[in-house]
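The block underneath contains the structure these notes are about, expressed in structure tokens.
The values are calculated or read from the model by the stated rules, or taken from the named source; none is laboratory data. Here the structure is a predicted model, which means the values were calculated and not measured. Here Cβ is always computed from backbone atoms with ideal geometry, including for glycine, and neighbour counts include all displayed protein chains. Side chains included, ligands, DNA and RNA excluded: accessible areas come from the protein's heavy atoms. Shrake-Rupley method; radii C 1.70, N 1.55, O 1.52, S 1.80 Å.
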Amino acid sequence: MTDVQDVRRMDAQDTLAPFRDRFALPEGVIYLDGNSLGALPRATAARVADTVTSEWGRGLIGSWNDADWIGAPQRIGGKIAGLLGAEPHEIVVADSTSVNLFKLLHAAIGARPGRTVILTEPGNFPTDLYVAQGVAAMIPGASVRTVAREDIVAAIDDHVAVVMLTHVHYKTGAMFDMPAMTRAAQAEGALMLWDLSHSAGAVPIDLNAAGADLAIGCGYKYLNGGPGAPAFLYVADRHQAELRSPLTGWMGHAAPFDFGDDYAAGAGVNRFLCGTPPVIGMAALEVGVDLMLEADRTALFAKSRALCDLFVDLVESQCAGLGLTLASPRDARVRGSHVSFAHDHGYPVMQALIARGVVGDFRAPDILRFGFTPLYVGYEDVWRAVEVLRDVLASESWDAPEFHARSAVT
Ligand SMILES: Cc1ncc(COP(=O)(O)O)c(C=O)c1O
């Protein structure tokens, strides 16, 4: 049995422990929601202030060149590429995850003439399903087919233009085998599109080693880019010349500052840019990405697995008989960096935990979700979180009226 001395020893030996001080986390909070909104890096406030007061305030319009605002999509994309096993020219930062998904899904169908199906799984993140439905509605004959994850490979046929999956499932944390699924899609002539929102900075990813075609992901979870941070998109080099963005804005033009009347797609992945980059958000994102690049990723992913395993073990031993059912894979090799438990009263239980400083989140209908971000969560945090969880459940303190009132964001 793991005891508190053990977890303290683990923290003392943790080579990533110093990173915790690089985040401005409030005292007394055990933050287990970095899979939803990453914590604030200490350097972000100063960097954003400098972008506003110096680059914008004094540099004014000149900062597009002098502070290289204009190069931010490619510059930060190149850094994210370093985290994801891609070449710098294969990733740009732009727009939101949803918008990037729209652009790449639409382009994928266009690149597979005669094929009309977007294949995905039921229960995928809602925006993925909704955007796919929207894309299908725009293209004559196109449709979305949803198939249970274990049947996806068998369902890929010559009608499928693109297989669209979230690599690490937002609710359960279950992780697909990226190389195997990518090969299965490509073997049938389809393109494979990965949503990496819960993967980037959370699990090892090597897009090019996996032979990936297309990917998207967000900047505000494990990349710690801040609420509503700009998102990224990846197009493998070999597809860049053939794919066409449906959002033909001027930033995706071959020569935006020629101000010509006719659209001409920009070179490579640049054509998937659309409008003016959100410079302040880009500045915050770059701080988060730079911080992630500083960390030893082998240690990072090993710690992620160890934290999740510890949490599962402690919950199952300390909270046995208290109504929790593991809703995530037990095997760390097929799991992301968050762990979910189902509970009949998940919503008020999570509110009661948050009131006690253990911040996770709730996903309807009954999922308590806990994210373990190795840069700022320690082993003793896991221990303490489970103690609070056991207390909340055993005492039924969650059954107070204030914990039942639903907020807009859960
Ligand atoms: C898998 C996945 N895709 C997409 C999104 C969100 O998309 P957007 O950033 O456009 O809101 C989320 C948000 O949690 C997500 O979990």
Identify, from the list D21, D68, the residue that is without any contact (Cβ under 8 Å) to a residue 24 or more places away in the chain and on the phi > 0 side of the Ramachandran plot. D68
Residue list for the range 102-127, filter: more than 11 Å from V162 (Cα to Cα) and either open to solvent by 20 Å² or more (accessible area, probe 1.4 Å) or in contact with a helix residue (DSSP H, G or I) (Cβ under 8 Å, 6 or more places away or on another chain) (or both): F102, K103, P113, G114, E121, P122, G123, F125, P126, T127
Based on this model, can you work out whether L60 counts as in contact (Cβ under 8 Å) with a residue 60 or more places away in the chain, out of contact with any His (no Cβ under 8 Å at 6 or more places or on another chain) and either assigned by TED's automatic domain parsing to the domain that holds H159 or aliphatic (A, V, I, L, M) (or both)? no
Filter result for the condition that a residue is within 18 Å of H106 (Cβ to Cβ) and either surrounded by 21 or more Cβ atoms within 10 Å (Cβ to Cβ) or in contact with an Asp or Glu (Cβ under 6 Å, 6 or more places away or on another chain) (or both), over L243, L291: L243
Find the residue count for the range 158-212, including only residues that are under 18 Å from R363 (Cβ atoms) and either more than 16 Å from the ligand (Cβ to nearest atom) or outside any strand (DSSP E or B) (or both). 10
Given the residues L314, L223, L233, L322, which is the only one that is more than 25 Å from E90 (Cβ to Cβ), outside any helix (DSSP H, G or I) and either touching a residue at least 24 places away in the same chain (Cβ under 8 Å) or open to solvent by less than 10 Å² (accessible area, probe 1.4 Å) (or both)? L322
With respect to D391, determine if the residue is surrounded by 17 or more Cβ atoms within 10 Å (Cβ to Cβ) and either acidic (D, E) or in the same structural domain as E150 (by TED's automatic domain parsing) (or both). no
When you go through (1) more than 16 Å from the ligand (Cβ to nearest atom); (2) surrounded by fewer than 19 Cβ atoms within 10 Å (Cβ to Cβ); (3) within 25 Å of L300 (Cβ to Cβ) one by one for G228, which number turns out not to apply? (1)
Go through (1) more than 19 Å from G123 (Cα to Cα); (2) within 23 Å of the chain's Cα centre (by Cα); (3) part of a loop (DSSP other than H, G, I, E, B) for V382 and report which single condition fails. (3)
Scanning the range 128-145 residue by residue, those within 14 Å of the ligand (Cβ to nearest atom) and buried (at least 18 other Cβ atoms within 10 Å of the Cβ) turn out to be D128, L129, V131, A132
The range 146-171, residues that are open to solvent by 40 Å² or more (accessible area, probe 1.4 Å) and not aliphatic (A, V, I, L, M): T146, R149, E150, D151, D157, D158, H159, K171
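Which of the residues that make up the range 78-90 are more than 16 Å from the ligand (Cβ to nearest atom) and either farther than 15 Å from A231 by Cα or open to solvent by less than 10 Å² (accessible area, probe 1.4 Å) (or both)?
Within the range 78-90, A81, G82, G85, A86, E87, P88, H89, E90 qualify.
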Six or more apart or on different chains, Cβ under 7 Å: which pairs go from a residue in the range 261-273 that's free of Cβ contacts under 8 Å to residues at least 12 places away in the same chain to one that's surrounded by fewer than 24 Cβ atoms within 10 Å (Cβ to Cβ) and among the hydrophobic types (A, V, I, L, M, F, W, C)? Could you list them? A264/A254
